[in-house]
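A.B. asks: What follows is a single structure, and I will ask about it in a moment.
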Amino acid sequence: MAAKLSDVQTWDAKGYARNARFVADLAGEVVAWLAPQPGERILDVGCGDGALTAKLAAMGCSVVGIDPSQSMVDAAKALGVDARVADVRQLAFDGVFDAVFSNAVLHWVREPEAAARCMRKALKPGGRLVAEFGGHGNVAAVATALRAAAKLHGGDPGLTAPWFYPTPEHYSAILTAAGFKVERIGLFPRPTPLPTGIEGWLETMRKPFFDQFSGAKRAEVLLDVVELLRPSLCDEKGRWTADYVRLRVLAKAA
């Protein structure tokens, strides 16, 4: 029988580095949209283990990273990053940053309106928000497989896909209401190779779903999800690719 557990996502810095290092490695386009300049003060929302934050600092920027995970913040600090445990929906910053940057984070925020207001408040007049995160259609195959497994094994379908994957129109409206002027926004399909396979991705990104099952049942459910995904996400050589669709945006503080 499935156990009722929290749907709150938790993070482990070592596991994330092992199974999701590609998140920072594939951030070239969104960093190009940010176009960081030496001396700029930048807030990195959801800095994770600081791998990308440190790169921004190496460009001559003064960067503050925030993340809700103590494990991730500790890893970022170990890289020399000014990292702090904080929630983007409850920021205390007021008009102090030239730019707010975020990569692969905002789809985890369940109150996007509150996040948008806080990011706007953190910016200086005319400051910019540059972000990339999951957009409409992101990991659609994964979400469908998880729902099928929940139904098959008597799990909680509410734990399958907690993400916020908006269309450009939807997110533009949220930003506009928060006081931004959207300058560029779009969806970018990006099939993403998974170096450690789909199992590592699932264990890292959807741990609460599998934690509702225990012992042998947990392993059985994971195997069923993997086999449901194999025809669409695994090639003839056993290489797995996630069906990513990213939303990328550049907006200015109005």
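A.B. asks: Could you list all residues from region 40-68 that are among the hydroxyl-bearing types (S, T, Y) and buried (at least 19 other Cβ atoms within 10 Å of the Cβ)? Even if it seems obvious, please write down each step before you answer.
C.D. replies: Of all residues in region 40-68, those among the hydroxyl-bearing types (S, T, Y) come to 53, 62.
Across region 40-68, the qualifying residue is only T53.
A.B. asks: Let me ask something else. What number of residues in region 16-33 are at pLDDT below 95 and either in a loop (DSSP other than H, G, I, E, B) or touching a strand residue (DSSP E or B) at 6+ places or on another chain (Cβ under 9 Å) (or both)? Outline the logic, then answer.
C.D. replies: Residues of region 16-33 at pLDDT below 95: 16-32.
From what is left, the residues that are either in a loop (DSSP other than H, G, I, E, B) or touching a strand residue (DSSP E or B) at 6+ places or on another chain (Cβ under 9 Å) (or both) are 21-24, 26-27, 29-31.
Adding up the residues that qualify gives 9.
A.B. asks: Looking at region 117-145, I want the residues that are on the phi < 0 side of the Ramachandran plot and have a partner that is polar (S, T, N, Q) and surrounded by fewer than 23 Cβ atoms within 10 Å (Cβ to Cβ) with Cβ atoms under 6 Å, at least 6 apart or on another chain. Which pairs are those?
C.D. replies: Final answer for the pair search is H136/T167; A141/S232.
A.B. asks: Failed condition for L129, given (1) over 30 Å from S232 (Cα atoms); (2) among the aliphatic types (A, V, I, L, M); (3) touching a Lys or Arg at 6+ places or on another chain (Cβ under 7 Å), with all others met?
C.D. replies: The failed condition is (3).
A.B. asks: List the residue pairs whose Cβ atoms are under 7 Å apart, where the first residue sits in region 182-195 and is closer than 12 Å to Y171 by Cα, the second is polar (S, T, N, Q), and the two are 6 or more positions apart or on different chains.
C.D. replies: What qualifies is V182/S172; V182/T176; I185/S172.
The values are calculated or read from the model by the stated rules, or taken from the named source; none is laboratory data. On a predicted model such as this, the values are computed, not experimentally measured, just so you know. For neighbour counting, all protein chains shown are included, and Cβ atoms are generated from backbone atoms with ideal geometry for every residue, glycine included.
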